[in-house]
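Participant: First the structure, which I've put down as structure tokens, then a few questions once you've had a look.
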Amino acid sequence: MPRRGTIEKRIPAPDARYNSVLMSQFINKVMQRGKKSVATRIVYNALELASQRLNRTPMEVFEIAIRNAGPAIEVKPKRVGGATYQVPVEVKADRRQALAMRWLLTSARAKTGRPMHDKLAGEIVDAFNNTGNTIKRKEDVQRMAEANRAFSHYGKF
């Protein structure tokens, strides 16, 4: 972090098919080794599959899945005296989306035996329906924050 000035948040260009910045960010997170065309194909195929399973538009399915998967509250370590407390803090909107995207991808990549677009579609459908590994992870984070509510007076970061 710089000592003076502020960092401007760079916003990527919207994606070609849905004209969405959120979709563009997700494609960039899926991308490995600079292969953006492969990542784009994976995401678009996954969204088509998910939208067929749910009979909704692909963008609507994606936005609801991201909204369901993002945590509202999380814990951050705060050192007070000699002890470190896990202090619950609210999650900002951009971090909530980033965590939701990251958790969707790690859950999809953890599955085996199917093509990536199929695994990702399954995770998106699960997140849309509030089930699956991504939602379990979100609930674990929120449960941890709820358990440490006693330490909330330590901290606005």
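Bear in mind that the values in this text are calculations on the coordinates, not laboratory data. The structure displayed is predicted, hence computed values, not measured ones. For neighbour counting, all protein chains shown are included, and Cβ atoms are generated from backbone atoms with ideal geometry for every residue, glycine included.
Participant: Excluding same-chain residues fewer than 8 positions from Lys36, which lysines have a Cα within less than 25 Å of its Cα?
Facilitator: Lys9, Lys111, Lys119
Participant: Once R0 is set to 35 Å, what does the formula 1/(1 + (r/R0)^6) return for the Cβ-Cβ distance between Val89 and Met31, expressed as a FRET efficiency to the nearest 0.05? If you can, show how the numbers build up before the last one.
Facilitator: Working: r = 30 Å, r/R0 = 0.85.
Once rounded, the FRET efficiency stands at 0.70.
Participant: Would you mind ranking Met116, Met23, Met144 by Cβ crowding within 10 Å, fewest neighbours first?
Facilitator: Details: Met116 19, Met23 24, Met144 15.
In order of increasing Cβ crowding within 10 Å: Met144, Met116, Met23.
Participant: Moving on. At a Cα cut-off below 15 Å, give the aspartates and glutamates reachable from Lys138, other chains included and same-chain residues fewer than 8 away excluded.
Facilitator: Glu74, Glu90, Glu123, Asp126, Glu146
Participant: Region 76-117: which trypsin sites (Lys or Arg not before Pro) are DSSP loop and have at most 16 other beta-carbon atoms within 10 angstrom? Walk me through the numbers before you get to the answer.
Facilitator: Working: sites: Lys78, Arg79, Lys92, Arg95, Arg96, Arg102, Arg109, Lys111; in loops: Lys92, Lys111.
Of the trypsin sites (Lys or Arg not before Pro), the ones in loops of region 76-117 whose Cβ has at most 16 other Cβ atoms within 10 Å are Lys92, Lys111.
Participant: Let me have the relative contact order for the chain, percent, based on Cα pairs under 8 Å that are six or more residues apart. Kindly include the intermediate steps, with their values, before the conclusion.
Facilitator: Working: 197 pairs, mean separation 38.7, N = 157.
So the answer I get is 25 percent.
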